[in-house]
1. Among ASP68, ASP121, which comes first, then next, by fewest other beta-carbon atoms within 10 Å?
2. Please list, in chain and number order, the residues 5+ apart from VAL62 or on another chain whose amide H is under 5 Å from its amide H, with Hs placed from the backbone.
3. Taking θ = phi - 60°, what integer Hz values does the Karplus form 6.51 cos²θ - 1.76 cosθ + 1.60 yield along region 20-31, in sequence order, with x for Gly and Pro?
4. How many nm is it between the label spots at SER70 and ASN110, if each spot is 7 Å from the Cα in line with the beta carbon?
5. In what order do LYS85, LYS8 fall by count of nearby beta-carbon atoms within 10 Å, going from fewest to most?
6. Taking H placed 1.01 Å from N in the peptide plane, check which residues at least 5 places from LEU133 or on another chain put their amide H under 5 Å from its amide H.
7. Would you kindly derive the ³J(HN,Hα) couplings of region 105-119 from the backbone phi angles with the Karplus curve 6.51 cos²θ - 1.76 cosθ + 1.60 (θ = phi - 60°), listing them in order in whole Hz, with x for Gly and Pro?
8. Given R₀ = 41 Å, FRET efficiency for THR125-ILE13 by Cβ-Cβ distance, to 0.05?
Amino acid sequence: MAKAMRRKPMSEINVVPYIDVMLVLLVIFMVTAPLMTQGIKVDLPEAASGPLEVDDDEPMLVVSVKADGSYYINLGEEEEPVPLKEIGAMAAKVIAANPGIKVLVEGDENLPYGVIVSLMDTLQTAGARSVGLITEPPAS
């Protein structure tokens, strides 16, 4: 009688499929990461102020004003100018949905002071507890 040959259990893991999946995910993240940054190009004034403590999970509402006086709000991916009255209505909806949201204003350095003040007034009327200003650090 011939003895039945028993096979030893294989104790290796084939990692090639996992490497393929990892490389695909790496490519996906490399392609989508630059697309996730959004915003309006604004020449910010320089100021010697400390950096704002910001968590990535903490929501922020940023309203931008270009040098030509056009207003933009960071809702979605559209970069269409929005009238000041609509900014107030849109901000009121966002603030009502999330009362703890930080509201920041990003204004071109060549704008008249009154434009930024009227925007800040509109945002506070919409329910913002405090409105911060975004600046660039001074060039050394």
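No value in this document is a laboratory result; all are computed from the given coordinates. What you see is a predicted model; the values in this text were computed from it and never measured. Virtual Cβ from ideal backbone geometry, glycine too; neighbours counted across all protein chains shown.
1. Listed from fewest to most nearby Cβ atoms, that is ASP68, ASP121.
2. ASN74, LEU104
3. For region 20-31, the Karplus curve yields 4, 5, 4, 5, 5, 5, 4, 5, 4, 5, 5, 6 Hz.
4. 1.5 nm
5. Values: LYS85 10, LYS8 5.
The fewest-first ordering by Cβ neighbours comes to LYS8, LYS85.
6. Amide H neighbours of LEU133: VAL105.
7. 10, 10, x, 5, 5, 8, 6, x, 4, x, 5, 5, 5, 5, 5
8. Result of the calculation: an efficiency of 0.10.
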